[in-house]
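Student: Okay, here's the structure, questions in a sec.
The values are calculated or read from the model by the stated rules, or taken from the named source; none is laboratory data. Predicted model, so just to flag it, every value in this text is computed and none were measured. Cβ atoms come from the backbone with ideal geometry, glycine included; neighbour counts cover every protein chain shown. For accessibility, only protein heavy atoms count, side chains too; no ligands or nucleic acids. Shrake-Rupley method; radii C 1.70, N 1.55, O 1.52, S 1.80 Å.
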Amino acid sequence: MKKGNSGAATRRLYFEDAYLTEFEARVVDRLTRDGRTGVVLDATAFYPEAGGQPPDRGTLNGVAVADVQEDGDRIVHFLDGPLAGEAARGRIDWPRRFDHMQQHTGQHILSQAFLETRNGETRSFHLGPDVSTLEIGLRSIEDADLEAVERAANKIVFEDREVKTYFVPQERIHEVPLRRPPKVSGLIRVVEVAGFDYSACGGTHVRRAGEIGLIKVVGWEKIRDNLRFTFVCGGRALADYAAKTRCLRRIAGVFSAQEKDAAGAVDKTVAELKEARQRIRRMAESLAAAEAKELVARAAGPVITLHLTDRAPEEARFLALQVSRAGNFAALCGVAAGERGHFVLAAAEGLGLDMRRLVPVISATVPAKGGGGPTLVEMVTAEPGRLAEALAAARAFVEAELAKK
Ligand SMILES: [Zn+2]
C-alpha cells in the first residue's frame, strides 16, 4: 500500500494501552481494495501488520476483521462483511494478540541476549503462526553458547523487568542506547526492557518481562551467511514442552527406558537393526546361491524362467545373477513386490546375448521401464499381475535368438 494517503492519521490506541481489548470509534472512510471491504476509523486498538508482527483479528460491530494494514498514517480494517452506521465498536481477539505480545517482547530480549552473550546482531525477525524466527549475524554456534544466550534471556524474564514505551524526538534519539538504528524519523517510539534492551519499535509488548513466561530456542539453520533461530515464548513454549514430553514419554515407553536414557536406547536399537539387516543379507545370499545351484542342476535347457513372490527385488537380482554365473544360462526373473513388478533379466556372457534387446520385448507386453547392460537388464512395471505374460514373451525371444546360433 502506498504511503502518505490523504486523510487524518488514525489514533493508535494500542500505543497508549496494549491491553485495550474493546473500544469505540467513528468510521471516517470506507474503501474497496482488491475486492476487499475496508474501513478507516478515527481511532483503533487493532494492530496492523508491521515490523514482523502479524495483524490483529477481532470484530467491528460483530463483523469479523480479516486483515489490518497500514496506509500511510492511517490504519485500514478489512472486513468479512459490510459495516453499517458511523459508530463502530471494536473487539480484539485477545488470546491471539497476547500470544503476539509474548513472542514480540520475547524477541526483543532474545535479540539483546544474542548481542550481549555472543555479539550476534539481529538481521531480521518474523513472527509466524506456530514459531518465530530470528536471523542473527553469526556463522556458527555451539550448544553451550546457545544455552548461555537462553539463560541470559530468561534471567531478564525471571527478574520480571518492566517493559516501558516512550516517544523520543529524532534529534534526541542518540541519548537512547538503541540496539539498532531507527528505521523511522520524527517522533520515535522506544520500547525499553528496563536497563537491558532499547529498541525503536511500533509493536505491542507485555508490561513486564515475567508475562513472557519462558523464552526457548527450538532449532536453527544456516541461511545466507547467518544463522536463523526458531524460538517460542510463553503459551507456545508451554505447548511445545507438553508436545515434547508426550513424544519423549512415548519413545521411552517403547524402549522400556527412562526418559533420560531414551536417546541412547534409540541409538543402540538402530545399530542392532543395521547389523541384523547385514546378517539377513548374508543369509539371503547364501540361500540364493544354494537355490541357484539346484535350479541349474534341474534345468532342461539354457533358459530358466523364475516367477517369484515374497521376495525383495534385490534378492531376485542376486538369484538371477547366481544362475547366470553358474554356467551358460539365462535367468529371466519376475518378482511381484507390493504394487510393482520387477524384472531381472541376466545372461552368462558365453551365451553371446544382448539382454538390452529384451527391453522392447517386455515393454510390448506390459507397460514397463528400465534398462541395463548386455548381461543384465532390470525393469519395473506397475502391473505385477502380468509378469508371467511378459516372462513368456521374453523366453520365446531368447530361445529364438539362441536357436539362430
Ligand atoms: Zn517490539
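Student: What is the Rg over Rh value, at two decimals, for the chain, using alpha-carbon atoms and the Kirkwood definition of Rh?
Tutor: Working: Rg = 34.9 Å, Rh = 27.6 Å.
Here the Rg-to-Rh quotient is 1.27.
Student: Order Trp94, Trp220 by their accessible area, 1.4 angstrom probe, all chains in place, largest first. Please report the intermediate quantities before stating the final value.
Tutor: Numbers: Trp94 70, Trp220 110 Å².
Greatest to least solvent exposure: Trp220, Trp94.
Student: Roll a 1.4 angstrom probe over the protein heavy atoms and tell me the percent of accessible area of the chain that is carbon or sulfur.
Tutor: Reported share for carbon and sulfur atoms: 51 percent.
Student: With contacts defined as alpha carbon pairs under 8 Å and 6 or more residues apart, what's the relative contact order of the stretch 28-97 in percent?
Tutor: 31 percent
Student: Translational diffusion coefficient of the stretch 148-211 at 4 °C, 1.567 mPa s, Stokes-Einstein with Kirkwood Rh over Cα pairs, in µm²/s as a whole number.
Tutor: Details: Rh = 12.4 Å.
It comes out at roughly 104 µm²/s.
Student: Now for a different question. Label point 7 Å out from Thr305 along Cα-to-Cβ: which residues of the stretch 373-405 have amide N under 17 Å?
Tutor: Zone members listed by number: 384-403.
Student: Placing unit charges on C-beta atoms (Lys and Arg positive, Asp and Glu negative, everything else neutral), compute the dipole magnitude of the stretch 234-275 about its Cα centre in debye, rounded to 20. Please report the intermediate quantities before stating the final value.
Tutor: On the way: 8 positive and 6 negative charges, 52 e Å.
The calculated dipole for the stretch 234-275 is roughly 240 debye.
Student: Cα to Cα, under 25 Å, and not fewer than 8 places away if on the same chain: which lysines meet these conditions relative to Lys405?
Tutor: Within the straight-line limit of under 25 Å, Lys405 reaches no lysines at all.
Student: Please report Rg (one decimal) and Dmax (integer) in Å for the Cα set of the stretch 49-153.
Tutor: 18.3, 59
Student: I would also like to ask the following. May I ask you to give the solvent-accessible area per residue for the stretch 325-405, in square angstrom, as obtained with a 1.4 angstrom probe?
Tutor: Per-residue value: 47 Å².
Student: Distance check, please: which entries in Lys268/Lys293; Lys216/Lys260; Lys183/Lys244; Lys244/Lys274; Lys164/Lys244; Lys222/Lys244 exceed 29 angstrom between their Cα atoms?
Tutor: Pairs exceeding the cut-off: Lys268/Lys293; Lys183/Lys244; Lys164/Lys244.
Student: Next up: Which Cα, out of Val254, Met379, Pro95, lies furthest along the positive dipole direction of the chain (beta carbon charges, K/R +1, D/E -1)?
Tutor: Met379
Student: Below 8 Å, C-alpha to C-alpha, sequence gap of six or more: please give me the relative contact order for the chain in percent.
Tutor: That works out to 9 percent.
Student: Taking 1 over the mean of 1/r across every pair of different Cα atoms in the stretch 286-359, what Kirkwood radius in Å do you get?
Tutor: 12.3 Å
Student: Ratio of Rg to Rh for the stretch 340-384, alpha carbon only, Kirkwood?
Tutor: Working: Rg = 10.4 Å, Rh = 10.5 Å.
That ratio equals 0.99.
Student: For the stretch 182-251, state the semi-axes of the equivalent ellipsoid (square roots of 5 times the eigenvalues of the alpha-carbon gyration tensor), sorted largest first and rounded to whole angstrom.
Tutor: Taking √(5λ) for each Cα gyration eigenvalue gives 31, 18, 9 Å.
Student: At a threshold of 8 angstrom on Cα-Cα distance, excluding pairs fewer than six apart, so keeping six or more, what relative contact order does the stretch 292-405 reach in percent? Before the final figure, lay out the partial values.
Tutor: Values: 232 pairs, mean separation 26.9, N = 114.
Computed over the stretch 292-405, the figure is 24 percent.
Student: Also, quick follow-up: What Kirkwood hydrodynamic radius do you get for the stretch 189-322 when you take the inverse of the mean 1/r over all pairs of distinct Cα atoms, in Å?
Tutor: 21.8 Å
Student: Separation of the stretch 198-226 and the stretch 33-62 by C-alpha centroid, Å?
Tutor: The stretch 198-226 and the stretch 33-62 have Cα centres separated by 24 Å.
Student: So, with +1 on the Cβ of K and R and -1 on the Cβ of D and E, and no other charges, what is the size of the charge dipole of the stretch 212-260 about its Cα centre, to the nearest 20 debye?
Tutor: 80 debye
Student: What net charge do the residues around Glu135 carry, taking every other residue with its C-beta under 9 Å from that of Glu135, with Lys and Arg at +1 and Asp and Glu at -1? Intermediate results must be reported in sequence, preceding the final value.
Tutor: Details: positive: Arg123, Arg224, Arg228; negative: none.
Summing Lys/Arg as +1 and Asp/Glu as -1 gives +3.
Student: Report, in debye and to the nearest 20, how large the dipole of the stretch 109-197 comes out about its Cα centre when Lys and Arg carry +1 and Asp and Glu carry -1 on their Cβ.
Tutor: 420 debye
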